[in-house]
């Protein structure tokens, strides 16, 4: 996809450079220009258009379609420049709020640029490493399954995990487990969902994968305890040839994240950081905003409201 985007951006640069020309001498000669438009005294360049277009999915688009998209981008940049001019004329760029937003954007851009620089220096995974990952994680590939599950999620308070474990060990249904929680006035949410293996965290997947249809287990997390029952499942293996490119990308992302974390940790250890005011150690902590009341369980909407421990998967393998 990246190759298509770069190719399309190149097509756009060529197309606009050929169509947006400055007048030459009287003999009809024309000189190509990189200026796409002038708004007052400000210029909008082809480079600006390409920069916007590079963030747009142009894969598979024809040169004519890419050129049309470029013209749309140009019109939006003209509108933007008109707004910028008016904001400057009204001295909005000097207001404290705008100055703070500009500074925040600058910090974000610089931080991301540094992170990208660190990530670019990591070694790419080898084909052997990708194949080993495939073999070491059969639950994601050769033995991959798609699970239809039911869940009950309760806060991880003292005694809750033990109660749920005893209920599951006793073969209780989810309805009976819900009744037991209600009897002890423990708030909870519940619902059902369909999740593929890659949508389940790697540390939880082996436990879910070991379940047969109809079986349940309890998963503990710092903030919540979840009962997961596999209602049904179906095998859906991923062939090695199809998996390897995604594995390589996942391992690349994983290494990049680890490299950045290590780098930031080192910077913290070598830089003097002093917490001030209310954030100073020993200071009275800032009062947190009141948490909203937990809504009553709603079977129809639970899947959107509940953040269970198996909601997030290995995004790099999608």
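The values are calculated or read from the model by the stated rules, or taken from the named source; none is laboratory data. Remember, it's a predicted structure, so these values are computed and weren't measured experimentally. So basically every Cβ, Gly included, is an ideal-geometry build from the backbone, and we count neighbours across all protein chains shown.
Would you check if there is a residue in region 25-34 being under 26 Å from residue 84 (Cα atoms) and at pLDDT 85 or above?
Scanning region 25-34 turns up at least one residue that is under 26 Å from residue 84 (Cα atoms) and at pLDDT 85 or above.
Find the residue count for region 179-194, including only residues that are buried (at least 19 other Cβ atoms within 10 Å of the Cβ) and in contact (Cβ under 8 Å) with a residue 60 or more places away in the chain.
Summing the residues that are buried (at least 19 other Cβ atoms within 10 Å of the Cβ) and in contact (Cβ under 8 Å) with a residue 60 or more places away in the chain in region 179-194 gives 4.
Being touching a helix residue (DSSP H, G or I) at 6+ places or on another chain (Cβ under 6 Å) and more than 30 Å from residue 228 (Cα to Cα) narrows it down to one residue among 78, 109, 102, 122; which is it?
Values: 78 fails: touching a helix residue (DSSP H, G or I) at 6+ places or on another chain (Cβ under 6 Å); 109 fails: touching a helix residue (DSSP H, G or I) at 6+ places or on another chain (Cβ under 6 Å); 102 fails: touching a helix residue (DSSP H, G or I) at 6+ places or on another chain (Cβ under 6 Å).
Only one candidate passes the filter, namely 122.
Taking region 197-212, which residues are surrounded by 16 or more Cβ atoms within 10 Å (Cβ to Cβ) and either touching a strand residue (DSSP E or B) at 6+ places or on another chain (Cβ under 7 Å) or not in a loop (DSSP other than H, G, I, E, B) (or both)?
Matches in region 197-212: 197, 198, 199, 204, 205, 208, 209, 211.
Here are the criteria: (1) without any contact (Cβ under 8 Å) to a residue 24 or more places away in the chain; (2) assigned to a helix (DSSP H, G or I); (3) closer than 29 Å to residue 252 by Cβ. Tell me which single one residue 50 does not satisfy.
Evaluating residue 50 over (1) without any contact (Cβ under 8 Å) to a residue 24 or more places away in the chain; (2) assigned to a helix (DSSP H, G or I); (3) closer than 29 Å to residue 252 by Cβ leaves (1) as the failure.
Contact list please: Cβ distance under 7 Å, first residue in region 67-78 and closer than 15 Å to residue 39 by Cβ, second residue assigned to a helix (DSSP H, G or I), pairs at least six apart or on different chains.
Partner pairs satisfying both residue conditions: 73/49; 73/52; 73/53; 74/49; 77/48; 77/49.
Under 23 Å from the mean Cα position of the chain (by Cα), touching a residue at least 24 places away in the same chain (Cβ under 8 Å) and not in a loop (DSSP other than H, G, I, E, B) - does that describe any residue in region 98-118?
Taking every residue of region 98-118 in turn, at least one turns out to be under 23 Å from the mean Cα position of the chain (by Cα), touching a residue at least 24 places away in the same chain (Cβ under 8 Å) and not in a loop (DSSP other than H, G, I, E, B).
Name the single residue that is surrounded by the most Cβ atoms within 10 Å (Cβ to Cβ) among those in region 121-163 being assigned to a helix (DSSP H, G or I) and without any contact (Cβ under 8 Å) to a residue 24 or more places away in the chain.
My answer is 163.
Filtering region 226-253 down to residues that are out of contact with any helix residue (DSSP H, G or I) (no Cβ under 7 Å at 6 or more places or on another chain) and in a helix (DSSP H, G or I), which residue is surrounded by the fewest Cβ atoms within 10 Å (Cβ to Cβ)?
Taking the candidates together, the pick is 241.
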